[in-house]
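Colleague: If you scroll down you'll find the structure; I have some questions about it.
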Amino acid sequence: MPRVTSYSLRSASPAKTRADAVVVGVVASDKGPRLCDAAEDVSKAHGRRLGAFLSTMGVTGKAGEAVKAPTRDEVNAPLLVFVGLGPDPADPIAVRRAAGVAARSVPNAASVALALPSETPELVAAVVEGHRLGSYAFTAYKSSRSETTEPADVVVLTPIARRSEATDALARAEVLADAVALTRDWVNTPPRDCTPPLLADLVTKAHKEVTKGRGAPKVKLEVFDHEQLAEMGCGGILSVGSSSAAPPRLVRLSYAPRGAKAHLALIGKGVTFDSGGLTIKPSSSMLHMKGDMAGAASVVAATLAIARLGLPLRVTTYAPMAENMVSGTATRPGDVITMHGGTTVEIANTDAEGRMLLGDALSMAVGDEPDVVVDIATLTGHMQLALGDKVGAVMGTDDEVAAVLAAGVAAGEQHWRMPIPEEMKERISSSKVADLLQHDWVRWGGGLYASAFLREFTGGLPWAHLDIAGKEINTGAPYGHVPSGATGFGVTTLVELARSMAG
Ligand code: BES
Ligand code: ZN
Ligand code: MN
């Protein structure tokens, strides 16, 4: 993760600050646009002409808006960028988005000062997070790097710059943004360069970076190869991986700080490419399937972030990785697979591969006797169809679903509860040859069926399942702090969940 931008806090006047550009937050009120409190002296510098000036420039303050205006000598910086906050300048979600929009609007400035709402540590964090995530660019495969949007120096203008709560908030925000950027990098990486062994190598490298040096957090890393997976009885992971020339892997991370309040198990789907297998996908559905390892990426990145933040919570993380391909050794519809723990599963559709990886990993995680189990996966197109590309689905036991929803609110991500209806139990149990039927070719409620299937491997523990299919890659234009391409959706919700469990 090369990070060139350095962030600092200063309680200075935006009008007097020297920078290539000063970003100014604009609130949309009933009486028209007004500058946020942090930009008060920019208002003063313009005096009574401000209203007419904003209206001529077409500034309304609505969310997503960015209007650039060269200055004369009313302020020290040569460029002002007015970014819309919407009606509520105290809402961290609005502030995070506006900071992201600001980052994209000044791609060529070496230094930027941000006069956005930042009166509380929470808002300072939202500004930093939003700006860093909005300036994210994946340039590893571009021969020309001219598209960079990351300035060298970003100064957050805040009245609480010298308070330790504010500097702590800045540090926290950078850890969170690192985690989201790491997830995005891995999801954006082409599938040829992100096979299970290569993804495990990327995890090993990231783990080393976080745990090296004095004072670094202690996180144990284990990488199991296909032979070890066979010894461990992980038939689900192997059944998917047998289709590919690149063998499967399982990564386990363990973070066990002294004074841990509880034990959280995280499990993430790591299908490094999903062709569908013999039940092959239509071409257009295969296009974005390099992102099918987003769950694995996000649990690893979240775990490293939790450790860097030093949260007093034990976390054991499983990232099963396999590539779902078409070959003479691929699993067939009709095959019966023995999962970790001994449950047998009849395969009906090799494109329902995620549940096979997760079943094994859930069963292993349950063996560690955690207090709470959370899995995250790009599991079903059904949930994408139901909830669109910005809202994730959550299913599971009541308290854990509630905890995930609350964490999502704190993180600024939207999740929505879906049920696991009673009749799903019958559907998943309808195999004539095995304990469970992997898929029944009934189209209705396919995401709920998948959840009922996963539940069989949770040992009755408190559990939440996040189906983020379609949220992992933004196929449209950038918005707020979310670029085109990989989004990192889910990472901040997982870290917030850990924070709430750590008390
Ligand atoms: N990886 C896909 C789900 C997916 C869909 C992710 C769209 C991202 C965007 C998953 O493995 C899959 O193929 N699911 C099937 C499930 C079905 C066979 C029950 C699907 O969505 O059709
Ligand atoms: Zn898949
Ligand atoms: Mn699939």
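Colleague: Looking only at residues in segment 361-413 that are within 16 Å of ligand 1 (Cβ to nearest atom) and assigned to a loop (DSSP other than H, G, I, E, B), which one is nearest to residue 459 (Cα to Cα)?
Modeller: Out of the qualifying residues, it is 379.
Colleague: Would it be correct to say that residue 253 is in contact with a Ser or Thr (Cβ under 7 Å, 6 or more places away or on another chain) and within 16 Å of ligand 2 (Cβ to nearest atom)?
Modeller: The answer is no for residue 253.
Colleague: Given the criteria on the phi < 0 side of the Ramachandran plot, in a helix (DSSP H, G or I), in the same structural domain as residue 199 (by TED's automatic domain parsing) and within 11 Å of ligand 1 (Cβ to nearest atom), does residue 298 qualify?
Modeller: Judged against the criteria, residue 298 is not a match.
Colleague: For segment 58-70, how many residues meet the condition of being out of contact with any Pro (no Cβ under 6 Å at 6 or more places or on another chain) and under 18 Å from residue 116 (Cβ atoms)? Full working, then the answer.
Modeller: Our first condition is that a residue be out of contact with any Pro (no Cβ under 6 Å at 6 or more places or on another chain); within segment 58-70, this holds for 58, 62-70.
Keeping just the survivors that are under 18 Å from residue 116 (Cβ atoms) gives 62-69.
Going through segment 58-70 one residue at a time, the tally reaches 8.
Colleague: Take residue 329 and tell me if it is in a loop (DSSP other than H, G, I, E, B) and within 16 Å of ligand 2 (Cβ to nearest atom).
Modeller: no
Colleague: Now, a different point. With the requirement that a residue be polar (S, T, N, Q) and in contact with a helix residue (DSSP H, G or I) (Cβ under 6 Å, 6 or more places away or on another chain), what does segment 150-192 give you?
Modeller: First pass over segment 150-192, keeping only residues polar (S, T, N, Q): 158, 164, 167, 183, 188-189.
Listed by number, the residues that qualify are 158, 183.
Colleague: If a residue must be surrounded by 15 or more Cβ atoms within 10 Å (Cβ to Cβ) and over 33 Å from the mean Cα position of the chain (by Cα), how many such residues does segment 75-96 contain?
Modeller: Going through segment 75-96 one residue at a time, the tally reaches 3.
Colleague: So, one more: For the list (1) among the charged types (D, E, K, R); (2) farther than 25 Å from residue 482 by Cα; (3) touching a strand residue (DSSP E or B) at 6+ places or on another chain (Cβ under 9 Å), I need the number of the one condition that residue 214 fails.
Modeller: Evaluating residue 214 over (1) among the charged types (D, E, K, R); (2) farther than 25 Å from residue 482 by Cα; (3) touching a strand residue (DSSP E or B) at 6+ places or on another chain (Cβ under 9 Å) leaves (3) as the failure.
Colleague: Can I ask one more? Determine, yes or no, whether residue 366 is among the aliphatic types (A, V, I, L, M) and over 24 Å from residue 272 (Cβ atoms).
Modeller: It is true that residue 366 is among the aliphatic types (A, V, I, L, M) and over 24 Å from residue 272 (Cβ atoms).
Colleague: Looking at segment 353-376, which of the residues that are within 15 Å of ligand 2 (Cβ to nearest atom) and within 17 Å of residue 407 (Cβ to Cβ) is surrounded by the fewest Cβ atoms within 10 Å (Cβ to Cβ)?
Modeller: My answer is 375.
Colleague: While we're looking at this one, here's another question. Could you tell me which of the residues 31, 44 is more than 35 Å from the chain's Cα centre (by Cα) and touching a residue at least 12 places away in the same chain (Cβ under 8 Å)? Working first, answer last.
Modeller: Working: 31 fails: touching a residue at least 12 places away in the same chain (Cβ under 8 Å).
Unique residue meeting the criteria: 44.
Colleague: Please work out if residue 298 is of a type in the set (Ser, Thr, Tyr), in contact with a strand residue (DSSP E or B) (Cβ under 8 Å, 6 or more places away or on another chain) and at pLDDT 95 or above.
Modeller: yes
Colleague: If a residue has to be more than 16 Å from ligand 3 (Cβ to nearest atom) and either in a loop (DSSP other than H, G, I, E, B) or among the hydrophobic types (A, V, I, L, M, F, W, C) (or both) to count, how many in segment 472-486 make the cut?
Modeller: Residues that pass the stated criteria total 10.
Colleague: Taking segment 418-431 only, how many residues are out of contact with any Lys or Arg (no Cβ under 9 Å at 6 or more places or on another chain), in contact (Cβ under 8 Å) with a residue 24 or more places away in the chain and not in a helix (DSSP H, G or I)?
Modeller: 4
Colleague: Out of everything in segment 237-270 that is touching a helix residue (DSSP H, G or I) at 6+ places or on another chain (Cβ under 7 Å) and assigned to a loop (DSSP other than H, G, I, E, B), what residue ends up being farthest from residue 222 (Cα to Cα)?
Modeller: Here the answer is 261.
Colleague: On to the next question. Could you figure out which of (1) within 16 Å of ligand 2 (Cβ to nearest atom); (2) within 20 Å of residue 466 (Cβ to Cβ); (3) part of a strand (DSSP E or B) isn't true of residue 273?
Modeller: With respect to (1) within 16 Å of ligand 2 (Cβ to nearest atom); (2) within 20 Å of residue 466 (Cβ to Cβ); (3) part of a strand (DSSP E or B), residue 273 is out only on (2).
Colleague: Oh, and also: Would you be able to tell me the number of residues in segment 389-437 that are out of contact with any helix residue (DSSP H, G or I) (no Cβ under 7 Å at 6 or more places or on another chain), over 30 Å from residue 130 (Cβ atoms) and aliphatic (A, V, I, L, M)?
Modeller: 2
The values are calculated or read from the model by the stated rules, or taken from the named source; none is laboratory data. These numbers come from a predicted model, not from an experiment. Glycine also receives a Cβ, built like all others from the backbone with ideal geometry; neighbour counts cover every protein chain displayed.
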